[in-house]
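For reference, the structure is listed below as structure tokens.
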Amino acid sequence: PKKVFSGIQPTGNLHIGNYFGAIKKWIELQDSEYDVTYCIVDLHAITLPQKPKQLTENTLKLCANLLACGINPEKATLFLQSEVKEHSELCWILSCITTMARLTHLPQFKDKSAKLKEIPLGLYLYPILQAADIMLYKTNFVPVGEDQIQHIQLAQHLTKNFNNRFGYTFPTCQPMISEDLSCRIKSLRDATKKMSKSDPDPKSCVMIEDTPDQMTTKVKKALTDFISQVTFDPVNRPSVANLLTIHSLTSNKSIETICEEVKHLDTGQYKFVVADALVEHFNPIRLKVEDYLKNPDYLQSILEKGNDKAREVAEKTIDEVKAKVGWGLKA
Ligand code: TYM
């Protein structure tokens, strides 16, 4: 079967951008004909400084969040990147066939490094490691949000490079990005920016684990514009369009239906409707997260099983790659 692979960083809690942009698709794909593998990418996490204890905690929390959202370890391989050393090995090999020029212009590197005085080399290598993740499992499809498109393109480029130089080894992966606006959920405080866990303003980002009160407060304080009607116009009214998108995705109603239903409300009143829909959808998930977190041994056992399964595939690929590169003593 064709292979699906994707990853997520354990750098904070899961937010509704991650959920609608990627995780929802991850869950759908479990029931497809594809072979699906999802990875908690803790090697990527340390490209920016992390407190060690917190990183461990975030890893288990993310695992709990993913299971609560509906990732089913019987159907999907869910594993921890740092437990499969082949990711680092392939990353090194790929870094030797990548030019510096190809990396410098990638927008995520530009954004993240612009805020730093000293730029860690790992942050620069970040997209190569991501390509290694994808290629190691001979991935065909990568379900991600729109912000990852350039990284997927680098993986395609490195696949071509590797295959040309060493003979056909890797299939060319294709991104799976939803057509609708779920591929880019915006910040509640500034709809020109994506919703992001690294946003310093906690009100910008709705977490899966937020309590009903926290969710309601954040949505109530979402910045909107000076027009009181609720209309869908992503270009001129991105903040209201973002609320409508979030509402539509949570309630499974079309944006037109919603606009019709709330035409007697102003945007201030409408925010309460959105908040209620969010709470209704995510509160049961939040309670499941709490339950999973009471049982860290179970979470560990899920990841350990996943690690073993992932390792088996990764080892096979690396053996093949090493032989092609000319490593080892077997002529
Ligand atoms: P990360 O951890 O930042 O995000 C995980 C997934 O969530 C999506 N996403 C969004 N989608 C819509 N709107 C948003 N506001 C939003 N914010 C985040 C991301 O697109 C992503 O799909 N580099 C990756 C992790 C990674 C990876 C991989 C992904 C490492 N190796 C291999 C695919 C394949 C990242 O930082 O995701």
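Would you list the helices (runs of 4 or more DSSP H) that sit entirely within the stretch 23-96 and hold 2 or more residues that are farther than 30 Å from L116 by Cβ and either among the aliphatic types (A, V, I, L, M) or out of contact with any Lys or Arg (no Cβ under 6 Å at 6 or more places or on another chain) (or both)?
In the stretch 23-96, 24-30, 52-69 are the helices (runs of 4 or more DSSP H) which contain 2 or more residues that are farther than 30 Å from L116 by Cβ and either among the aliphatic types (A, V, I, L, M) or out of contact with any Lys or Arg (no Cβ under 6 Å at 6 or more places or on another chain) (or both).
Going by the conditions given, is K117 at pLDDT below 95, away from the ligand (no atom under 14 Å from the Cβ), more than 15 Å from the chain's Cα centre (by Cα) and of a type outside the set (S, T, N, Q)?
Values: at pLDDT below 95: yes; away from the ligand (no atom under 14 Å from the Cβ): yes; more than 15 Å from the chain's Cα centre (by Cα): yes; of a type outside the set (S, T, N, Q): yes.
Answer is yes for this residue.
Go through the stretch 125-144 and give me each residue that's more than 11 Å from the ligand (Cβ to nearest atom) and in contact with a Ser or Thr (Cβ under 8 Å, 6 or more places away or on another chain). Talk me through it step by step, then tell me what you get.
From the stretch 125-144, those more than 11 Å from the ligand (Cβ to nearest atom) are 125, 138, 140; that's our starting set.
Result: L125, K138.
Just checking, how many residues over the stretch 164-186 are assigned to a loop (DSSP other than H, G, I, E, B) and within 16 Å of the chain's Cα centre (by Cα)?
At the first step, the residues of the stretch 164-186 found to be assigned to a loop (DSSP other than H, G, I, E, B) are 167-173, 177-180, 184-185.
Filter once more, so that each one left must be within 16 Å of the chain's Cα centre (by Cα): 177-178, 184-185.
So the answer is 4.
Assuming V240 fulfils every condition listed in (1) exposed (fewer than 14 other Cβ atoms within 10 Å of the Cβ); (2) under 27 Å from I185 (Cβ atoms) apart from one, which condition is it?
Evaluating V240 over (1) exposed (fewer than 14 other Cβ atoms within 10 Å of the Cβ); (2) under 27 Å from I185 (Cβ atoms) leaves (1) as the failure.
Yes or no: the stretch 131-138 includes at least one residue that is outside the structural domain of S254 (by TED's automatic domain parsing), among the hydroxyl-bearing types (S, T, Y) and assigned to a loop (DSSP other than H, G, I, E, B). Spell out how you get there, then give the answer.
Going through the stretch 131-138, the residues outside the structural domain of S254 (by TED's automatic domain parsing) turn out to be 131-138.
Pick out the ones that are also among the hydroxyl-bearing types (S, T, Y) and you get 137.
From what is left, the residues that are assigned to a loop (DSSP other than H, G, I, E, B) are 137.
Yes: the stretch 131-138 contains one or more residues that are outside the structural domain of S254 (by TED's automatic domain parsing), among the hydroxyl-bearing types (S, T, Y) and assigned to a loop (DSSP other than H, G, I, E, B).
Can you tell me how many residues within the stretch 179-201 are surrounded by fewer than 18 Cβ atoms within 10 Å (Cβ to Cβ) and more than 8 Å from the ligand (Cβ to nearest atom)?
Number satisfying all stated conditions: 8.
Being free of Cβ contacts under 8 Å to residues at least 24 places away in the same chain and of a type outside the set (F, W, Y) narrows it down to one of E86, E74, so name that one.
E74
Condition first: in contact (Cβ under 8 Å) with a residue 60 or more places away in the chain, assigned to a helix (DSSP H, G or I) and surrounded by fewer than 23 Cβ atoms within 10 Å (Cβ to Cβ). Can you find one or more residues in the stretch 107-114 that meet it? Lay out the reasoning, then the answer.
To start, the set of residues in the stretch 107-114 that are in contact (Cβ under 8 Å) with a residue 60 or more places away in the chain comprises 112.
Adding the requirement that they be assigned to a helix (DSSP H, G or I) leaves 112.
Next cut, surrounded by fewer than 23 Cβ atoms within 10 Å (Cβ to Cβ) only: 112.
Taking every residue of the stretch 107-114 in turn, at least one turns out to be in contact (Cβ under 8 Å) with a residue 60 or more places away in the chain, assigned to a helix (DSSP H, G or I) and surrounded by fewer than 23 Cβ atoms within 10 Å (Cβ to Cβ).
The values are calculated or read from the model by the stated rules, or taken from the named source; none is laboratory data. Computed from a prediction, not measured in an experiment: that's the story for all the values here. Using ideal geometry, Cβ is built from the backbone for each residue, glycine included, and neighbour counts are taken over all protein chains shown.
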